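Worksheet: the structure to be examined is printed underneath.
The values are calculated or read from the model by the stated rules, or taken from the named source; none is laboratory data. If you're wondering where the values come from, they're calculated on a predicted model, not measured in any experiment. Heads up, the Cβs are rebuilt from the backbone with ideal geometry, glycines too, and the neighbour counts pull from every protein chain shown. In case anyone asks, the SASA skips ligands and DNA or RNA and just uses the protein heavy atoms, side chains included. Shrake-Rupley method; radii C 1.70, N 1.55, O 1.52, S 1.80 Å.
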Amino acid sequence: MDNDVIVVGSGPNGLAASIFLARAGLKVLVLEAKESPGGAARSMELTLPGFIHDAGSAIHPMAAGSPFFQSLDLWRFGLEWVHPPVPLAHPLPDGIPAASLLRSLPATAALLGRDAGNYRRLMEPLVSRWRQIAGDILQPIPHLPRHPLPLAQFGLRALLPAQALIRGYFQEEPARALFAGVAAHSFLSLSAPASAAIGLVLAMMGHGPGWPFPRGGAQSITSALVACLRAAGGQLECNAPVHSLADLPPARAILLDVTAWQFLRLAEGRLPSAYRAVLERFRHGPGVFKIDYALDGPVPWLDETCRRAGTLHLGGSAREVAASEHAVSTGRVPDHPFVLAAQHTLFDSTRAPAGKHTLWAYCHIPFGSSFDMTSRIEAQIERFAPGFRDRVLASHAMGPAQLEAWNPNLAGGDINGGASTLWQLICRPVLSPTPYRTPLPGVYLCSASTPPGGGVHGMCGFHAARAAFADVFA
Ligand SMILES: Cc1cc2nc3c(=O)[nH]c(=O)nc-3n(C[C@H](O)[C@H](O)[C@H](O)COP(=O)(O)OP(=O)(O)OC[C@H]3O[C@@H](n4cnc5c(N)ncnc54)[C@H](O)[C@@H]3O)c2cc1C
């Protein structure tokens, strides 16, 4: 019997879409190009036997807070969240104690000295309504919000450049650097409009669902989603690359967990020129350079708080973080990159042999750059953890070219399926209340190139599947 639905790609969004449609009683087949499902949410022994590394995503506030994933009760399929005692630490220069984001908003504020009151004023209205705000922002922007007041409180602050928000709210380095670090997840210059948005979302999620990671690796999210799909009757085939829409077996709906640029290639001239022109104008974000380490012991951080943190932001002062992100946004390789790191094995012994540890780290670089950032990343780690290099047993680096070979959605090292500029958050990849719909009847885009964009949350897949169901099957 023919399938009702074919989903191309088994990243978090492809799996979310396929689960939604399989649970609606449809016959769903997922075709995945690679040997294993999960896209950029996969874990593997990249260095030495017994060391499990998250080759892509590693820290999952968006997955833990995703309204769709929450509705699936993924714990029933083996997913277990690990919450480090300190979700995020940001070590500082000149002997200033590290700034940290704790799960508790009052406890975080209490560590911010003269900025305590302002941090609470900034975050309390968001944190107290994080579920409503997350529901409203994790959908296409042209949609009418269900909770306009909390969303307006968020939006007024989110539209600011991060540097303007920092200047307006904070006087001292810990709060300034802490916010600069979370805002830098946007891959935007911190002087760009709306570069505060991601910082506010991530800080809000840190105080809401937390910044946890899955026991066993990001792969555990994928394994739980695949188990959930199979329980709903869906099927998954790996080693099944799709080179053209024309090659697909018959189905009433096709959902594509591929980027906007891959869609142009898969559709092979079948798209109307106006739509094609919009997709051709869609811009990539910068790339990443990623290193995984197998270590002989924990990272020897100078600051005690860093030894209890799941995530580390290594970039020094707010000014230094801004300089690094500004360099990347203007096409330059930063001399002192802002490094994002995670140390899972301190809190999850399943990922390394007894007494051994891993470190996951990446920094931003210009799109498609082939520059080897290894020594610059290691210099940032050594700056806050002298002796780190002596603990390294093995390492594995991936620049943009290697990331793309591993997962075609990561072309040029862009991990978000397109830049997260204000314009591209609204037009992702087209301006429409249903940007998942394409001009080809029954064909939908469901990857991070659609709203709400990058991250492991499955909400692009969920919204695309809802649109496909309403159009084709309702
Ligand atoms: C190094 C790195 C670090 C990251 N860190 C985090 C993090 O800590 N937290 C977080 O939330 N997010 C993080 N992300 C981002 C997150 O992983 C992605 O935004 C998310 O995986 C996007 O999901 P997706 O389903 O849209 O695409 P992907 O996960 O990229 O999956 C796409 C899938 O489609 C398949 N595919 C593509 N083309 C075809 C084809 N023609 N035929 C068949 N199959 C095809 C691919 O092989 C892949 O399996 C990170 C990503 C990377 C690379």
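Annotations for the structure displayed:
- Against the test of being in contact (Cβ under 8 Å) with a residue 12 or more places away in the chain, open to solvent by 30 Å² or more (accessible area, probe 1.4 Å) and touching a Phe, Trp or Tyr at 6+ places or on another chain (Cβ under 9 Å), the options L393, L445 yield a single qualifying residue, L393.
- Any chance Q380 is at pLDDT 95 or above, within 11 Å of the ligand (Cβ to nearest atom) and not in a strand (DSSP E or B): no
- For the stretch 1-114, the helices (runs of 4 or more DSSP H) that sit wholly inside it and include 1 or more residues that are away from the ligand (no atom under 11 Å from the Cβ) and closer than 16 Å to L236 by Cα are 12-23.
- Within the stretch 43-90, being buried (at least 24 other Cβ atoms within 10 Å of the Cβ) and either charged (D, E, K, R) or without any contact (Cβ under 8 Å) to a residue 12 or more places away in the chain (or both) holds for one residue alone: D54.
- Some residue of the stretch 106-119 being within 30 Å of L229 (Cα to Cα), in contact with a Lys or Arg (Cβ under 8 Å, 6 or more places away or on another chain) and surrounded by fewer than 16 Cβ atoms within 10 Å (Cβ to Cβ): no
- Sole residue being in a helix (DSSP H, G or I) and touching a Gly at 6+ places or on another chain (Cβ under 8 Å), chosen from L156, L165: L165
- Condition broken by N407, with the remaining ones in (1) within 11 Å of the ligand (Cβ to nearest atom); (2) free of Cβ contacts under 8 Å to residues at least 40 places away in the same chain satisfied: (2)
- The residue list F462, F469, F473 contains one member that is more than 10 Å from the ligand (Cβ to nearest atom), on the phi < 0 side of the Ramachandran plot, surrounded by 22 or more Cβ atoms within 10 Å (Cβ to Cβ) and modelled with pLDDT of 95 or more, which is F462.
- Residue check for L312: outside any loop (DSSP other than H, G, I, E, B), away from the ligand (no atom under 16 Å from the Cβ), in contact (Cβ under 8 Å) with a residue 60 or more places away in the chain and in contact with a strand residue (DSSP E or B) (Cβ under 6 Å, 6 or more places away or on another chain): no
- Looking only at the stretch 413-442, and only at residues there that are among the hydrophobic types (A, V, I, L, M, F, W, C) and more than 30 Å from P250 (Cα to Cα), the one that is most open to solvent (accessible area, probe 1.4 Å): W423
- Residue selected from the stretch 276-316 under the condition among the small types (G, A, S) and over 28 Å from H357 (Cβ atoms), by the criterion least open to solvent (accessible area, probe 1.4 Å): G285
- Residues that are farther than 19 Å from A175 by Cβ, in a helix (DSSP H, G or I), touching a residue at least 12 places away in the same chain (Cβ under 8 Å) and not basic (K, R) within the stretch 325-363 comprise H326, V328, S329, H344, T345, L346, T350, listed in sequence order.
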